[in-house]
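Enquirer: The structure is given below, and queries will be raised subsequently.
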Amino acid sequence: MGNTIRAFAAFVPADRCQNYMVRDLREMPLDKTVDLSGNLLRRFPVHVCSFQQLAKLYLSDNRLNSLPPELGQLQNLQILALDFNNFKALPQVVCTLKQLCILYLGNNKLCDLPGELSLLQNLQTLWVEANYLTQLPAVVCELSLLKTLHAGSNALRLLPGQLRRLRELRTIWLSGNLLTDFPPVLLHMPSLEVIDVDWNSIRYFPSLAHLSNLKLVIYDHNPCRNAPKVAKGVRRVGRWAEETPEPDPRKARRYALARQESQEAQVPALPPPLPPTNS
């Protein structure tokens, strides 16, 4: 049914399509949640802004590139999902929603974030993956309560030193960027529990054994010649992850060759000899 409605909507003018999709949304839902994801919306239905007690608003997978100033009336909003849209810049009105805890901005066309984002001092989770970021916006370093940062699939080459100000940061996801070195600033963030630098161009990993809260490091799909050394109990995902301690380059190459040869020459083991029979 959902696919049928989408196919129908694709041939209806944008305004009529929007009315068709949200025409029954005239009262705030009891769970204080409005989900308009995947409705091909080109404009946000302004009447939703009258639901001033709204806590969660999902607008993912639409065709939005702007938001009305009336959105600022939703001062109780805690979760806002704007991912998979056509935003080239974050609408300023978003920065007025000071109760936001989670903000999804992934899969848009953002090259930067406005300085006013620093007003969101309750923000704990920020998703900016799959945008056009060539550097991490400095304003991110001012979000003092941030615990989770998803910034994968951009074009980041380094991280700012100011990131260490985020003492509450627990997880950072940087997969699919252009990092050639492991970001030095992460070595000075002992609160980190998860570090993901999968699919980058990092050739060498420093020791992470001093990061006492680290639980998981994902470093696969890098042209590295060593695995990051970690404390006991920390899970590693990548080449030589099962080896302890950290292999040196020569040992790593020998290990890789030996493993390849063992896979190519799978010789079945001979069965044990039969016990002698008494004749």
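Enquirer: Residues to consider are 73, 99; find the one that is on the phi < 0 side of the Ramachandran plot, over 25 Å from the mean Cα position of the chain (by Cα) and at pLDDT 95 or above.
Expert: That would be 73, the only listed residue that is on the phi < 0 side of the Ramachandran plot, over 25 Å from the mean Cα position of the chain (by Cα) and at pLDDT 95 or above.
Enquirer: Kindly evaluate residue 70 against the criterion of being out of contact with any Leu (no Cβ under 8 Å at 6 or more places or on another chain), within 19 Å of residue 172 (Cα to Cα) and either of a type outside the set (Phe, Trp, Tyr) or surrounded by 20 or more Cβ atoms within 10 Å (Cβ to Cβ) (or both).
Expert: no
Enquirer: Has the stretch 178-198 got at least one residue that is aromatic (Phe, Trp, Tyr), under 17 Å from the mean Cα position of the chain (by Cα) and at pLDDT 95 or above?
Expert: No, there is no match, as no residue in the stretch 178-198 is aromatic (Phe, Trp, Tyr), under 17 Å from the mean Cα position of the chain (by Cα) and at pLDDT 95 or above.
The values are calculated or read from the model by the stated rules, or taken from the named source; none is laboratory data. Quick caveat, the model's predicted, so the values are computed rather than measured. Positions of Cβ are backbone-derived with ideal geometry, glycine not excepted, and every protein chain shown enters the neighbour counts.
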